[in-house]
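Here's the structure we're looking at; comments come further down.
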Amino acid sequence: MRKGAALVFSGAVAWSLVLAGCTGEGSTQGRDRGSAAPSGGAEDVGAPSEQARAAPRPPRSVAALGDSITRGFHACEPLSDCPEKSWSTGTSKDVDSLAGRLLDKPSGHTWNFARSGAQVADLPVQTGEAIARRPDLVTVLIGANDACTDSAAGMTPVADFRTAVADSLDRLAADLPRTQVYVSSVPSLMRLWEVGRGSALTRQIWSLGICQSMLEDPSDLGVSATGRRDAVQERVVEFNAVLQEECGKHPLCVYDDGAAFQYAFTGDHLSRWDSFHPDEEGQRVLAEIAYEKLRAAREE
């Protein structure tokens, strides 16, 4: 989720670990970035009717916004994005992505504009890229890197987080009034610490630079360390409140009601390369949550 320094392990395991924050262009699936939107993209013909707002049509195209989680970082191999295993737009049958579940013809009709290392400040740029494609559905999973920093003092202020989220969702609603938006909650960083702190190998990996605001000295149960972790978790809760509130202002926006945050993931859902990013199973869970939330919204 977050940029990090090179990490070296002794013994049989040795590699340079770049956290989800390794930069990279958000690659696309389908046509090149400058081409026209595919048939099946959202049509901007005035504001949607009340009927359209209540029952959005099944999407024929999906654009994904976010960070390394949506890029599938570490889902295939170390140091690499693996967009084919993205919960949102991936093509892996083992993940069964949201796009794979919703679209009759995903090929050429999905775009992954997420970038490893992205923070909420990057969301407006990704939003502009998505708008250019005119998708029927946009997914958003952002915020982990805003809380998962080198120190608790470096976390993104809630007011700044709100500004970027509000601007992006407002622009999507204005420019693509018939496009549905799905907003995921930020997963629990405290849960991550709880799951991994008992493993000596995981502690070793984390000690080399991963999400130090939460994971520094994972065995330390003292007052200072506990207070730091609580502050980080509280910031994630505040971010999720912003996501819920800003999404709730738009009739075609569906928030996951905190499902990703509340999900009791285990070590089996995390990459073996860093015990941090979702692995194939973790990506599948995120896809399942999104699919069920969107299905429920359409049935309301």
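The values are calculated or read from the model by the stated rules, or taken from the named source; none is laboratory data. Bear in mind that the values here come from a model prediction, so they are computed numbers and not experimental data. Ideal geometry is used to build each Cβ from the backbone, glycine not excepted, and the neighbour counts take in all protein chains shown. When the accessible area is computed, the model is the full protein with side chains, heavy atoms only, and any ligands, DNA or RNA have been set aside. Shrake-Rupley method; radii C 1.70, N 1.55, O 1.52, S 1.80 Å.
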Fill in the blank from the handout: Amide H neighbours of Asp279 at under 5 Å, excluding residues fewer than 5 places away on the same chain, with H built from the backbone geometry, are Leu270, Ser271
Exercise for the section: Summarise the long-distance tail of P(r) for the range 162-211 by giving the % of C-alpha pairs beyond 18 Å. Expected result: 54
Problem - Efficiency of FRET from Cβ geometry, Asp257 and Leu208, R₀ 35 Å, rounded to 0.05 - result: 0.50
Handout entry: Cα-projected label distance for Asp268 with Ser151, points at 7 Å along beta-carbon direction, nm
Key = 4.0
Exercise for the section: Could you check how much of the accessible area of the range 95-140 is carbon and sulfur, as a whole percent, using a 1.4 Å probe? Expected result: 52
Completion exercise
Under the rule rounded for a/c under 1.5, else prolate if a/b exceeds b/c, else oblate, using alpha carbon gyration tensor axes a ≥ b ≥ c, the range 160-252 is classed as prolate
Handout entry: For the range 59-137: rounded, prolate or oblate by the Cα gyration tensor [a/c cutoff 1.5]
Key = oblate
Practice task
Would you please state the base-10 log of I(q)/I(0) at q = 0.21 1/Å for the range 242-300, with intensities from the Debye formula using one equal scatterer on every alpha carbon?
Solution key: -0.85
Exercise for the section: Run the quick spin-label model on Leu79 and Lys93: label points 7 Å from Cα toward the beta carbon, then report their separation in nm to one decimal. Expected result: 3.1
Practice task
Using Cα positions and a limit of under 13 Å, work out the aspartates and glutamates in reach of Lys249, with same-chain residues fewer than 8 apart set aside.
Solution key: Asp167, Asp170
Exercise for the section: Take the alpha carbon gyration tensor of the range 110-163, find the square roots of its eigenvalues, order them as a ≥ b ≥ c, and report rounded if a/c is under 1.5; if not, report prolate when a/b exceeds b/c, else oblate. Expected result: prolate
Practice task
Scale the Cα Rg of the range 202-265 by the rule-of-thumb value 2.2 N^0.38 Å and send over the ratio, two decimals.
Solution key: 1.44
Fill in the blank from the handout: Simple spin-label estimate for Ala296/Asp170, 7 Å along Cα→Cβ, in nm, reads 2.9
Exercise for the section: Report in % the part of the accessible area of the range 207-300 that belongs to carbon and sulfur, leaving out ligands and nucleic acids; probe 1.4 Å. Expected result: 50
Completion exercise
Amide H contacts under 5 Å for Ser185, restricted to residues at least 5 apart in sequence or on another chain and with H modeled in the peptide plane, are Asp256, Gly258, Ala259, Ala260, Phe261
Practice task
Could you go through the range 204-221 in sequence order and give the Karplus-derived ³J(HN,Hα) for each residue, using 6.51 cos²θ - 1.76 cosθ + 1.60 with θ = phi - 60°, rounded to whole Hz, and x for Gly and Pro?
Solution key: 5, 4, 4, 5, 8, x, 8, 6, 5, 4, 9, 9, 4, 6, x, 8, 6, 10
Handout entry: Coil-residue trypsin sites (Lys or Arg not before Pro) of the range 65-167, DSSP, other Cβ within 10 Å capped at 10
Key = Lys93
Handout entry: Low-density loop cleavage sites - trypsin sites (Lys or Arg not before Pro) in the range 167-260, where at most 11 other Cβ are within 10 Å (DSSP)
Key = Lys249
Practice task
Taking amide H positions as placed in the peptide plane 1.01 Å from N, state which residues far from Thr139 in sequence (5 or more) or on other chains have amide H under 5 Å from it.
Solution key: Ala63, Ala64, Leu65, Tyr182
Exercise for the section: Sort all Cα-Cα distances of the range 101-198 into consecutive 5 angstrom bins from zero, then give the percent of pairs in each bin up to the one containing the longest distance. Expected result: 2, 11, 20, 21, 17, 12, 8, 6, 2, 0
